[in-house]
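> Before we start, here is the structure in question, set down as structure tokens.
The values are calculated or read from the model by the stated rules, or taken from the named source; none is laboratory data. Keep in mind that what you see is a predicted model, and the values were worked out from it rather than measured. In this analysis, Cβ positions are derived from the backbone assuming ideal geometry, glycine residues included, and neighbour counts consider all displayed protein chains. Just so you know, the surface numbers come from the protein's heavy atoms only, side chains and all, with ligands and any DNA or RNA stripped out. Shrake-Rupley method; radii C 1.70, N 1.55, O 1.52, S 1.80 Å.
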Amino acid sequence: MINALEVRKPDHPIESLFVERWSPRAMSGEALSNGEILTLFEAARWAPSTYNEQEWRFLYARRDTPQWPLLFDLLIEFNQSWCKNAAMLCVVLAHKVFALNGKPNPVHLYDAGAAWENIALQGTAMGLVVHGMAGFDYEKARTSLKVPEDYAVAAMFVVGRPAPVDVLPENVREKEVPSDRKPVSEIICEGAFAFGGST
């Protein structure tokens, strides 16, 4: 797996883990241990959330199990082409209402995203491939995985052990590089909105 620290340079001092984390696709197909899987979800458990709601839920499948086709068949064809070598697929859910009173929770996706980021960083620290995805059938996920209406289907992610880039289909190999980021000056404003390009 490419070392992101060799191609990415932060503009300001931060922990290296943030720069090391990227979204490779090349995976070996080798299984994860149950302990490794639980470590990833343990990291998610400690994410911050509104009123400590912990509104994230994870539906996962390990390769070569009866659950695998349920999740794999949700993916668009492009994602299936490289996810076939993953060790685990996961659907991220977010509870849309507060458990205490049933009122709408406006930050359910925000909090679930924090839990996902914990998984991504933990996986990076463990030397694993962790890649988030929007390329799947959200409605099929809801129906085939029996997701209740008070939960949002937020995203999917895949986890696996790294492999050489040549395991990927040829049309995917060119994407196997860590991407850069916009400078901080383009994503922050002190005070009112003053970003260019908005209508």
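> Quick check on segment 43-65: of everything there that is farther than 11 Å from ALA115 by Cβ and open to solvent by 60 Å² or more (accessible area, probe 1.4 Å), which residue is nearest to the chain's Cα centre (by Cα)?
TYR60
> Considering only segment 92-138, how many residues are open to solvent by 40 Å² or more (accessible area, probe 1.4 Å), over 19 Å from SER179 (Cβ atoms) and either touching a His at 6+ places or on another chain (Cβ under 7 Å) or among the acidic types (Asp, Glu) (or both)?
Residues flagged as open to solvent by 40 Å² or more (accessible area, probe 1.4 Å), over 19 Å from SER179 (Cβ atoms) and either touching a His at 6+ places or on another chain (Cβ under 7 Å) or among the acidic types (Asp, Glu) (or both) within segment 92-138 amount to 2.
> Further question: Return only the number of the condition from (1) among the basic types (Lys, Arg); (2) free of Cβ contacts under 8 Å to residues at least 60 places away in the same chain; (3) surrounded by 18 or more Cβ atoms within 10 Å (Cβ to Cβ) that LYS9 does not satisfy.
Unmet condition: (3).
> Can you list the helices (runs of 4 or more DSSP H) found entirely within segment 1-73 that contain at least 2 residues being under 21 Å from PRO164 (Cα atoms)?
16-20
> Sort out which residues of segment 149-180 are within 26 Å of HIS108 (Cα to Cα) and without any contact (Cβ under 8 Å) to a residue 24 or more places away in the chain, and write them in order of number.
GLU149
> Separate question: Which of the residues spanning segment 43-64 are in contact (Cβ under 8 Å) with a residue 40 or more places away in the chain and of a type in the set (Asp, Glu)?
GLU53, GLU55
> Considering every residue within segment 73-86, establish whether at least one is modelled with pLDDT under 95 and open to solvent by 20 Å² or more (accessible area, probe 1.4 Å).
no
> In addition: Testing ALA99 on (1) out of contact with any helix residue (DSSP H, G or I) (no Cβ under 7 Å at 6 or more places or on another chain); (2) free of Cβ contacts under 8 Å to residues at least 40 places away in the same chain, one condition comes back false. Which one is that?
(2)
> A further question on this structure: Checking GLY135 against (1) closer than 26 Å to ALA31 by Cα; (2) without any contact (Cβ under 8 Å) to a residue 60 or more places away in the chain, which single condition isn't satisfied?
The single condition GLY135 does not satisfy is (2).
> Exactly one condition in (1) within 25 Å of MET27 (Cα to Cα); (2) open to solvent by 30 Å² or more (accessible area, probe 1.4 Å); (3) touching a His at 6+ places or on another chain (Cβ under 6 Å) is not met by ARG161; state its number.
(3)
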